[in-house]
Structures are given as structure tokens and as C-alpha cells.
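The values are calculated or read from the model by the stated rules, or taken from the named source; none is laboratory data. If you're wondering where the values come from, they're calculated on a predicted model, not measured in any experiment. FYI the Cβ positions are ideal-geometry reconstructions off the backbone, even for glycines, and counts take in every protein chain you see.
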Amino acid sequence: MVEKELEAKVEAMEKELQRLKDIEAIRKLENAYGYYLINFMNQELIDCFTERGDATLEWPEGTFLGKDGVRQFFGNINKERNLEFMHQMMQISGIIDVAPDGKTAKGRWWGFGAMAIPMGDAGINQALACGVYENEFIKEDGVWKLWKIKWVPQYSAPLDKGWVRPERVAKPRPPREGEMRVPDWWKPDLPPKGIPYAYPSGYILPFHFRHPVTGKETTEEVQNARVKGVKSG
């Protein structure tokens, strides 16, 4: 009896350990998707998905089906890799639930971020956006992949207008004296590296990890080579 109880406890612990490993793998996949999204690294985004025919991308404007639909959507946005393009959508407050059989999972995140979309001669369209991701994942050959994305936007607003009605917007407070001054103790041990991190340079902070589905090195260095002031290698 004692031996059977011990075996049952060990089995339960192993199952729970696997569940936690699955959750961490899914979280890493979702976060990697977000990092690839900000610069619309088309191929890396496509590689996050299963090859199954029932893969879906569901937006308010319509739904893209299968891996061909995934390729159509992600492959046709910013094809020219315009360095001024930015699509930041941070996934926060994530909740992940793995199915009892460990083969599928569901996750929900708030998405919040800033976008800057080149509009040709018209200039750059900038906005803040917020919404909810309700995603599904599938485990294939031991690797978690994106299966279904449902994006439900809550608001999108240009910076000059915001998302509050004009009559309700408070007047800006003037800065207090010395508020923006760099403090005297601000003395870094090493000088700045001179890398143009800020938008719209197009620079991508190199990833410390390989693509979570393909295991391949990602292509940020290809884009970074086009950015002025950045040395390859």
C-alpha cells in the first residue's frame, strides 16, 4: 500500500512538473511572438505557427485560415522592411491553461503598445492601441506552436487626440523647476555605446534566444546591417 501511494505521488509530481514546463514554453513562445511583431519580422512570425489547416488568425475585419492564411497576413505587411515601421503590442497579465492531456493549451493576455505605420508620401500614422489576445496553442513533436489567435481591440487612438473625449481631457501641468534636470550623481562608469536604439532607426536589440519553434538564429542582424551607426559583428 505504501509503495503504491509513493508511486502515485511521484506520478502526480512528474505530471505537475511537465505542466509547469509546458506553461513556461508557451509563455516564451508568446513573448517571442511579441518581440518579432514589433519589427514585423515576417518569417519569424510565420514560423511560430503550426502547419495545421485549422490554424486561424481572427481579427475584427475577418479571419485568416490555415498556414497559407498566416503567410498571407504576416507575409504582406511591411514586405519592404521599412525601418520606420513599428508595431509594438506588449502581452501583459498573461494566464495560461494547459489541457489535461498536455497536447493543447489556451492563453489570454492584455495587449498594449504603440504603432507607427508609414503611409507613403502622407507621412507616418502613429497611434496607441489596446486589446485582448485569446490564443490557443498545440504541441507537436514536443514543441509548442501557435495554433489560433483571436485579437479583440479595445481602443486605438492617435497621440494628438488620445482616447478620452476632448471636453474631458485635463489641461497639461507645466513642469516643476528642475524636474527634467539630469542629477549630479548621474555619472555612468562607461560611456554610451552610440547605438541608435530609438525609433525610427530600425535597430533591433539582438535576441539572446533562438526561434522557439524552428531552433534557428533569427534575422535581426540583417536589418541591423542597414541601420546607420551599427557595426556588424
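Would you confirm, using the coordinates I've provided, whether Arg52 is closer than 28 Å to Pro200 by Cα, outside any strand (DSSP E or B) and in contact with a helix residue (DSSP H, G or I) (Cβ under 9 Å, 6 or more places away or on another chain)?
Here the answer is no, as Arg52 does not meet what is asked.
Does any residue in the stretch 74-93 that is closer than 19 Å to Leu29 by Cα come within less than 8 Å, Cβ to Cβ, of a residue that is buried (at least 18 other Cβ atoms within 10 Å of the Cβ) and acidic (Asp, Glu) six or more places away or on a different chain, and which pairs are these?
From the stretch 74-93, the pairs are Gln91/Glu30.
Could you check the stretch 217-233 and list, in sequence order, the residues that are touching an Asp or Glu at 6+ places or on another chain (Cβ under 8 Å) and either surrounded by 12 or more Cβ atoms within 10 Å (Cβ to Cβ) or at pLDDT 80 or above (or both)?
Matches in the stretch 217-233: Thr218, Thr219.
Spot the failing condition for Ile26; the list is (1) in contact with a Phe, Trp or Tyr (Cβ under 8 Å, 6 or more places away or on another chain); (2) of a type outside the set (Ser, Thr, Tyr); (3) not in a helix (DSSP H, G or I), and only one is missed.
(3)
Just checking, which of Glu3, Glu44 is surrounded by fewer than 17 Cβ atoms within 10 Å (Cβ to Cβ) and either touching a His at 6+ places or on another chain (Cβ under 8 Å) or more than 26 Å from Pro118 (Cβ to Cβ) (or both)?
From the options Glu3, Glu44, the qualifying one is Glu3.
If I go through the stretch 126-147 residue by residue, how many of them are in contact with a strand residue (DSSP E or B) (Cβ under 6 Å, 6 or more places away or on another chain) and of a type in the set (Val, Ile, Thr)?
2
Go through the stretch 61-73 residue by residue and tally those that are within 20 Å of Asn31 (Cα to Cα) and either touching a Gly at 6+ places or on another chain (Cβ under 7 Å) or in contact (Cβ under 8 Å) with a residue 40 or more places away in the chain (or both).
Final tally of qualifying residues: 0.
For residues that are surrounded by fewer than 19 Cβ atoms within 10 Å (Cβ to Cβ) and part of a helix (DSSP H, G or I), tally how many sit in the stretch 55-72.
6
Can you list residue pairs whose Cβ atoms sit under 6 Å apart, with the first residue in the stretch 99-115 being within 17 Å of Ile138 (Cβ to Cβ) and the second being not in a strand (DSSP E or B)? Count only pairs 6 or more apart in sequence or on different chains.
Taking only residues 6 or more apart or on different chains, the pairs are Ala105/Ile26.
Cβ-Cβ distance below 7 Å, separation of 6 or more or different chains: which pairs start in the stretch 35-50 with a residue that is more than 15 Å from Asn135 (Cβ to Cβ) and without any contact (Cβ under 8 Å) to a residue 60 or more places away in the chain and end on one that is of a type in the set (S, T, N, Q) and assigned to a loop (DSSP other than H, G, I, E, B)?
Sorted first by the residue in the stretch 35-50, then by its partner, the pairs are Phe40/Asn78.
Among (1) more than 25 Å from Leu65 (Cα to Cα); (2) modelled with pLDDT of 90 or more; (3) of a type outside the set (S, T, N, Q), which single condition is Tyr133 missing?
(1)
Test Asp101 against the stated conditions and say whether it is loosely packed, with under 14 Cβ neighbours inside 10 Å, of a type in the set (Asp, Glu) and within 30 Å of Glu14 (Cβ to Cβ).
yes
Restricting to the stretch 1-34, and then to whatever is of a type in the set (Lys, Arg) and at pLDDT below 95, can you tell me which residue is nearest to Gly111 (Cα to Cα)?
Lys15
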